[in-house]
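The values are calculated or read from the model by the stated rules, or taken from the named source; none is laboratory data. The structure displayed is predicted, hence computed values, not measured ones. In this analysis, Cβ positions are derived from the backbone assuming ideal geometry, glycine residues included, and neighbour counts consider all displayed protein chains. To get the accessible areas, we keep the full protein, side chains included, count just its heavy atoms, and leave off ligands, DNA and RNA. Shrake-Rupley method; radii C 1.70, N 1.55, O 1.52, S 1.80 Å.
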Amino acid sequence: MKIDALLISDVHIGSRGSNVIELCKILREYTPNEIIIIGDFIDGWLLKRRWYWKLEYTILFNQLMELMSNGTKITYVTGNHDDFLRQFTPLHLNNIEVVDEFIWNDYYVSHGDLYDGVVKLKWLGKIGGLGYELAIWIDRTLKRFGYKSSLSKWLKKTVKDAVKFITNFENQLAYQANQRGCCGVIAGHIHTPDDKLVKIGDTEIRYLNCGDWIENNSYIIYNDNKFEIKYCE
């Protein structure tokens, strides 16, 4: 299916919980003019600690390269788990652009970690990331014995809801979009897909979040000037 743009975030390549096979299916389903990756595509924190690479990761990169060779433009917005790329931004290479943030179709696009008070304390954020990886391992062990509940999903929701409350994540991002004269903001980071209006003074800012490829397998398509949150089932 031909579409104007496909937006994803938080694939976390290098994490044992990354559902790359499902993302590969989506890339076969759509032919986008643009792909916007909104941070944490690569989990540099985990890969730096221990190397973990699967064949699916190579297949995913090959699919992206094929799309680029056929004319798809890719914009990669850096996040906290792939912040090692920030020393090189902005970077332009053929059909790929790597940036920390940018404005696209009157929307402010940012991973969102710069407005997360916990991530600003980088050591604390890394401890949380390691705990989440442990929860994923426990989940997969429990599922082998027939348990269906997700400890990692509960943990992520509990911790990230607290972070949202403390830092007022959505309102802060909407404020940043408003300051830049944008009608909306598109983010990732908190692994919660969403589409809502956030009021900043007398102005309503549209807040969109792509979600993640750990629990939700969610993404956003943009076509005919419309956004839609979708899920890989």
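What about Phe61, is it modelled with pLDDT of 95 or more, hydrophobic (A, V, I, L, M, F, W, C) and surrounded by 15 or more Cβ atoms within 10 Å (Cβ to Cβ)?
Taking the combined requirement at face value, the residue does not satisfy it.
One residue is enough: does the range 65-80 have a residue meeting the conditions within 24 Å of Phe227 (Cα to Cα), in a helix (DSSP H, G or I) and of a type outside the set (Val, Ile, Thr)?
Among the residues of the range 65-80, at least one is within 24 Å of Phe227 (Cα to Cα), in a helix (DSSP H, G or I) and of a type outside the set (Val, Ile, Thr), which makes the answer yes.
Restricting the search to the range 1-18, which residues are touching a residue at least 60 places away in the same chain (Cβ under 8 Å) and outside any strand (DSSP E or B)?
Ser9, Asp10, Val11, His12, Ser15, Arg16, Gly17, Ser18
Which of the following residues is of a type in the set (A, V, I, L, M, F, W, C), in contact with an Asp or Glu (Cβ under 7 Å, 6 or more places away or on another chain) and touching a residue at least 12 places away in the same chain (Cβ under 8 Å): Ile26, Ile21?
Being of a type in the set (A, V, I, L, M, F, W, C), in contact with an Asp or Glu (Cβ under 7 Å, 6 or more places away or on another chain) and touching a residue at least 12 places away in the same chain (Cβ under 8 Å) holds for just one of Ile26, Ile21, which is Ile21.
I want to confirm something. Restricting to the range 187-213 and keeping residues that are under 10 Å from the mean Cα position of the chain (by Cα) and hydrophobic (A, V, I, L, M, F, W, C), which single residue is modelled with the lowest pLDDT?
Among those residues, the one meeting the criterion is Ile190.
Please specify each residue of the range 183-230 satisfying the condition of being in contact with a strand residue (DSSP E or B) (Cβ under 6 Å, 6 or more places away or on another chain), open to solvent by less than 10 Å² (accessible area, probe 1.4 Å) and part of a loop (DSSP other than H, G, I, E, B).
Those that are in contact with a strand residue (DSSP E or B) (Cβ under 6 Å, 6 or more places away or on another chain), open to solvent by less than 10 Å² (accessible area, probe 1.4 Å) and part of a loop (DSSP other than H, G, I, E, B): Gly188, Cys210, Gly211.
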